[in-house]
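Any read-out appearing in this document is the output of simple, stated calculations on the displayed coordinates, not a laboratory observation. Not measured: the values here are computed from a predicted model. Every residue, glycine as well, gets a Cβ built from its backbone with ideal geometry; the counts of neighbours run over all protein chains shown.
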Amino acid sequence: MKPILEVNNLTMKFGGLKAIDTLNLTINKGEIAALIGPNGAGKTTFFNCITGIYTPTKGDVLIRPDGTEGSTKRINGLKPNLVTRKGLARTFQNIRLFSSMTVLENVMIGCHPVTREGILGALFRGTRTREEEQFIVDKSYRILEKIGLEAYVDELALNLPYGAQRRLEIARALATDPFLLLLDEPAAGMNPKETQQLDELILKIRDEEKISILLIEHDMKLVMSLSENIFVVDYGKKIGEGTPEDIRNNPVVIKAYLGEDIDA
């Protein structure tokens, strides 16, 4: 096991409220993991803490892009664009596409954090700038092919079917060249066919692109079929961790879900 993300004693307070309470979590290289819990358990707050939207009150967020001790970096307090440059990319629970731009342009925007030519290059449009622009177009199209959206390349994002919009968000995240992809409820609002396609896509990203994945999800069938390791939080505290089988049989987890069948 090679840890690529280690979160130690993470705490996030909003006034007197502890949204995250001394949370510890490790994601390993090549792993698909899930973070689950009841509504309001602190799952999205956790994502916001490790991606720079919030600065944690306490604790450490450590990344190891190649899974070795020598590559350890502490990313607490970095701005979101800098966290993205370090190799963490995310999607959001609510779709955040540029609806009046084309599918290709949405993915090209995802390339922006890792481009090299700056404002002067854009102004004077030298050879390197033009070459980089063409590289971005080609790279974005290749990503759309991998995601299965190449047929929509010139379509406005707002005209895509709902499931395709969800996949476009993932494509834009992949454009940042992450080593860890964070998916916040990627199956929300999808029908069973779209959910099955998402299941296959997540496995394809892990297996072909060698990207580790951490997802927040309420669809327990998706979670149980995909995840090798599952973390369960309630009121900001971790109350369970283990394989799908461990989680199915954990009485504390079952109680937190108010007796719900977590296989449903």
> Around residue 213, which amide H atoms from residues at least 5 apart in sequence, or from another chain, sit under 5 Å from its own amide H, with H modelled in the peptide plane?
Replying inline: 31, 32, 33, 181
>> Going 7 Å from the Cα of residue 99 along its beta-carbon direction, which residues of segment 135-167 have the amide nitrogen within less than 19 Å of the resulting point?
In response: 154-167
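Given the chain, what whole percent of its Cα pairs are spread farther than 31 Å? Don't jump to the answer; show the numbers that get you there.
Details: 9242 of 34716 pairs.
Of all Cα-Cα distances in the chain, 27 percent exceed 31 Å.
Beyond a 24 Å Cα-Cα separation, which of these cross-linked pairs lie in this structure: 13/238; 2/193; 58/79; 2/238?
Values: 13/238 16 Å; 2/193 34 Å; 58/79 17 Å; 2/238 22 Å.
2/193, as the Cα separations exceed 24 Å there.
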>> From the helices alone, meaning DSSP H stretches of at least four residues, give me the mean residue ellipticity at 222 nm for the chain, per-run term -39500 (n - 2.57), in deg cm²/dmol to the nearest 500.
In response: -11000 deg cm²/dmol
> Near residue 18, which aspartates and glutamates are there with a Cα under 13 Å away, not counting those fewer than 8 places off in the same chain?
Replying inline: 234
> What percent does the relative contact order of segment 1-113 come to when contacts are Cα pairs within less than 8 Å and at least six residues apart?
Replying inline: 25
>> Looking at the chain as a GNM with Cα springs under 10 Å, which of 15, 40, 67 has the largest mean-square fluctuation?
In response: 15
> Karplus couplings for segment 134-145 from phi (6.51 cos²θ - 1.76 cosθ + 1.60, θ = phi - 60°), rounded to Hz, Gly and Pro as x?
Replying inline: 5, 4, 5, 4, 5, 4, 5, 5, 4, 5, 4, 4
> To the nearest 10 degrees, how steeply does helix 162-174 sit against the main Cα axis of the chain, on a 0 to 90 scale?
Replying inline: 80
> Near the amide H of residue 4, under 5 Å away, which other amide H atoms are found, from residues 5 or more places off or on another chain, if H is placed in the peptide plane?
Replying inline: 27, 28, 29
> What's the local net charge at residue 52, with K and R +1, D and E -1, over the other residues with C-beta under 15 Å away?
Replying inline: +4
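In debye to the nearest 20, how big a dipole does the chain give about its Cα centre with +1 on each Lys and Arg Cβ and -1 on each Asp and Glu Cβ?
Values: 33 positive and 36 negative charges, 213 e Å.
Roughly 1020 debye, rounded to the nearest 20.
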>> Could you give each residue of segment 92-103 its phi-based ³J(HN,Hα) in whole Hz, using Karplus coefficients 6.51, -1.76, 1.60 with θ = phi - 60°, and x for Gly or Pro?
In response: 10, 4, 9, 4, 10, 8, 8, 5, 8, 10, 6, 4
>> Can you compute 3J(HN,Hα) from phi for each residue in segment 54-70, using the Karplus curve 6.51 cos²θ - 1.76 cosθ + 1.60 with θ = phi - 60°, rounded to whole Hz and x for Gly and Pro?
In response: 10, 9, x, 5, 8, x, 10, 10, 10, 10, 9, x, 9, x, 10, 4, x
> Per the Kirkwood definition applied to all pairs of different Cα atoms, how many angstroms is the hydrodynamic radius of segment 1-76?
Replying inline: 12.9
